[in-house]
Amino acid sequence: MKRIIACVAGLMALVTAPSAAQESPRPERYVLVRCGRLLDVPGKPPREGATLVVRNERVERVVDGLRGPDLSREREGGAEVREVDLREAFVMPGLIDCHVHLTMEFTSDIAMRNVTDSASDKAMRGLVYAKRTVEAGFTTVRDLGGEAEAVFALRDAIARGDAVGPRIIAAGKAVSITGGHADPTNGYRADVFAAPGPEEGVADGADACMKAVRAQIKRGADVIKITATGGVLSRSGAGLAQHFTDEELRAIVQAAHAMGRRVAAHAHGTDGINAALRAGVDSIEHATFTDDESLRLFKERGAWMVPTLLASATVTENAKKPGYYIDVVARKALEAGPARMSNFTRAIGAGVRVAFGTDSGVSPHGQNAREFGLMAQAGMSPTDCLVAATIHAATLCGVQDQIGTLEPGKQADMIAVRGDPLTDVTVLERVTFVMRGGEVVRMEPRPR
Ligand SMILES: [Zn+2]
């Protein structure tokens, strides 16, 4: 586990390196952020009236009160010093979504777009979705599957400062069995696409599964995503039960961990959830049909649950619109959608660790914060919701030493809202200010 963290941390250091380091150095930049209330460490009480001192891309210190510190010496030394007035706002760390698909957004014509869109088209769409996502307050996302080439290019362009978006931790192409949830050729005539193999993330048998994992890492994957069971939106009648065998699951986890990558397993059916947990995956995405054994395994293995309640709500709603999904998809949506809320309530009651994730792309990008209202409806306290989307999400992604709180040395990733998310989490659907790595991404006029 240590090696995994070291590796991901190294990657984040690369991601946050200034883009034009070889040219004439930028002057030191300070931003004094005046915060009416500041939740610098979610889980602890907020501070009333505090100033965040941001130096370049990081938090330098937090000072109580709305005056000071005196930076005249720094100014004389050539530093840029600016102030941001958030005295009427609630400020907290930037939000983290552990499950998005930035290179797609589901619409009812998706079957045709799969044929017409190139990887470059998907990257261009991703640019738009990435901007929407960061402007909604999500300063880091984990992209769990899509067009590998497109998402890696998008991640790297944002990291260089060439495009506006969240930090991206990317899986590339999800690994699936033939005919499984992430086999992109499901439902098409056999001569439309060539049958994909391990290099394209479709694999059968332990050896091929290892090859599929290694191929994604070779191309640039930061994390491995697998579809441990069938899925709702795939054009396939292959159910929602276990897909990879126990042996294949063990091979996947071993191959990924050996190369310092974590494994995120999409899983709906109980047998697939439990088999993936036994094999040692790091997170279960969706976790729709859990039983007592699943909850016991989550805790015994220290695995994370990423609930994606917004995806269930979205597909349940869309499945009722005639013709929106093909029949086989609508049937699965109506089966999986309603179960997830009650099973999530049971999981938090049992003390399962939860990291925030929405499956955005299934729902429109930029609406990620709607997940908070659903988590609260299912019985999670506002404080726990905020911790899930900051400290817990950062920990699942292995970057908790970089992001998740606004402590000295961490990335200056923050948002501001009007109102109090500790009493009403839905205020997070309307952020008024976003800073990512010390750069202001969104600033609305100060409320009168
Ligand atoms: Zn997903």
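The values are calculated or read from the model by the stated rules, or taken from the named source; none is laboratory data. In this text the structure is predicted, and so the values were computed from the model without any measurement. Here Cβ is always computed from backbone atoms with ideal geometry, including for glycine, and neighbour counts include all displayed protein chains. For the accessible areas, the whole protein counts, side chains as well, though only heavy atoms, and no ligand, DNA or RNA atoms are used. Shrake-Rupley method; radii C 1.70, N 1.55, O 1.52, S 1.80 Å.
For this structure, a couple of remarks:
- Using Cβ point charges alone (K and R +1, D and E -1), the dipole size of the chain about the Cα centre works out to roughly 560 debye.
- Its relative contact order, with pairs defined as Cα atoms under 8 Å and 6+ residues apart, puts region 245-348 at 22 percent.
- Taking the longest Cα principal axis of the chain as reference, the axis of helix 327-336 is set at about 60 degrees.
- Highest-MSF residue in the chain out of Ala79, Ala148, Ala412 [GNM, Cα springs under 10 Å]: Ala79
- The Cα center of region 419-446 and the Cα center of region 152-229 differ in position by 33 Å.
- Given +1 at the Cβ of Lys and Arg, -1 at the Cβ of Asp and Glu and no other charges, the dipole of region 284-386 around its Cα centre is 100 debye to the nearest 20.
- Tail fraction, Cα-Cα pairs, the chain, threshold 39 Å, whole percent: 18 percent
- The chain: relative contact order as a whole-number percent, Cα under 8 Å and 6+ apart: 20 percent
- Pairwise centroid distance, computed over Cα atoms, of region 292-348 with region 103-136, Å: 23 Å
- Relative contact order (percent, whole number), region 168-216, Cα cutoff 8 Å, 6+ residue spacing: 37 percent
- Dipole size of region 23-116 about its Cα centre, with +1 on Lys/Arg Cβ and -1 on Asp/Glu Cβ: approximately 240 debye, rounded to the nearest 20.
- In summary, the lysines within cross-link reach of Lys332, defined as a Cα separation below 25 angstrom excluding same-chain residues under 8 places away, comprise Lys173, Lys225, Lys320, Lys321.
- If you run the Gaussian network model on the chain, springs between alpha carbon atoms under 10 Å, then out of Ile326, Ile391, Ile403 the most flexible one is Ile326.
- Per residue, the accessible area of the chain comes to 40 Å² when a 1.4 Å probe rolls over the protein heavy atoms.
- Relative to the dominant Cα principal axis of the chain, helix 148-160 is inclined by about 10°.
- Helix 119-135 vs. the chain, principal-axis angle (Cα, 0 to 90°, nearest 10): 40 degrees
- In the chain, the DSSP-assigned H stretches of four residues or longer account for a calculated mean residue ellipticity at 222 nm of -10500 deg cm²/dmol, using -39500 (n - 2.57) per stretch and the full residue count as denominator.
- Largest mean-square fluctuation among Ala276, Ala119, Ala388, in a Gaussian network model of the chain whose springs join Cα atoms under 10 Å apart, belongs to Ala119.
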